[in-house]
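The values are calculated or read from the model by the stated rules, or taken from the named source; none is laboratory data. It should be emphasised that the depicted structure is a prediction, and the values quoted were computed from it without experimental measurement. Cβ atoms come from the backbone with ideal geometry, glycine included; neighbour counts cover every protein chain shown. Please note that ligands, DNA and RNA were not included when accessible areas were found on the heavy atoms of the full protein model with its side chains. Shrake-Rupley method; radii C 1.70, N 1.55, O 1.52, S 1.80 Å.
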Amino acid sequence: MMRILDVLYKVFGYIKVVGLAASGIALFLMIGGITLDVVSRNVTGNSISGFYEIVTFYLMPLAVLPVLFYAFSQGVCPRIPMVFDRLPPRVQKPLHCIVMLFELTLMAIVAFFSFQYAADGAASGHEFSAGGSMYPKYPVYFLVPFAFAGMALELAFILAKNLFNSGVWITYLKDQETIKGELQLV
């Protein structure tokens, strides 16, 4: 079972890397575009028409949302394992699994309802005005359910790892003892 789970997690890892690359490209475009806009404003006295709206409605969400579950998988998002460290060892794992199940449920609910909102936005044809043209807003709406579904999937992998392996797994690749060692708490 763990072999299958490891293969599936590796495939999921490719999806995370694609999200990371998309976020990096969006961030690069945002930095470059804002720099050009500032230079244009200072040299010619005019901003790049519609660029502010493009950054707001496309690049900012693209810079943040696809990388969210990659960051989540690295263990950088706030969690409460330090509270579990103080509890008796026999209580730590069940309590950690219960918290992860709650988090997974919450992420799945947000993914579900944000997908419904995105689908409604697509059906309604939500648009925004930038530089005298109308651009569709709804494609970016789908990044929200993508991000939260990714976090739910990451939590499902970690929960499965905890159920099939000994130790308390904080991320899919690192258990509690490894993280303690990295933080030099051992």
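In the set K137, K161, K174, only one residue is modelled with pLDDT under 85 and charged (D, E, K, R); that residue is K174. When residues in region 134-151 are screened for being without any contact (Cβ under 8 Å) to a residue 12 or more places away in the chain and either buried (at least 21 other Cβ atoms within 10 Å of the Cβ) or of a type in the set (S, T, Y) (or both), 0 of them pass.
For A156, indicate whether it is closer than 30 Å to T56 by Cα and within 17 Å of the chain's Cα centre (by Cα). No. Across region 152-170, the qualifying residues are those that are within 16 Å of K93 (Cα to Cα) and touching a Lys or Arg at 6+ places or on another chain (Cβ under 9 Å), and the one among them that is surrounded by the fewest Cβ atoms within 10 Å (Cβ to Cβ) is S166. The residues of region 115-169 include none that are touching a Gly at 6+ places or on another chain (Cβ under 6 Å) and under 19 Å from Q74 (Cβ atoms).
When each of G131, G125 is tested for being of a type in the set (G, A, S), more than 30 Å from M2 (Cα to Cα) and open to solvent by 40 Å² or more (accessible area, probe 1.4 Å), the lone residue that passes is G131.
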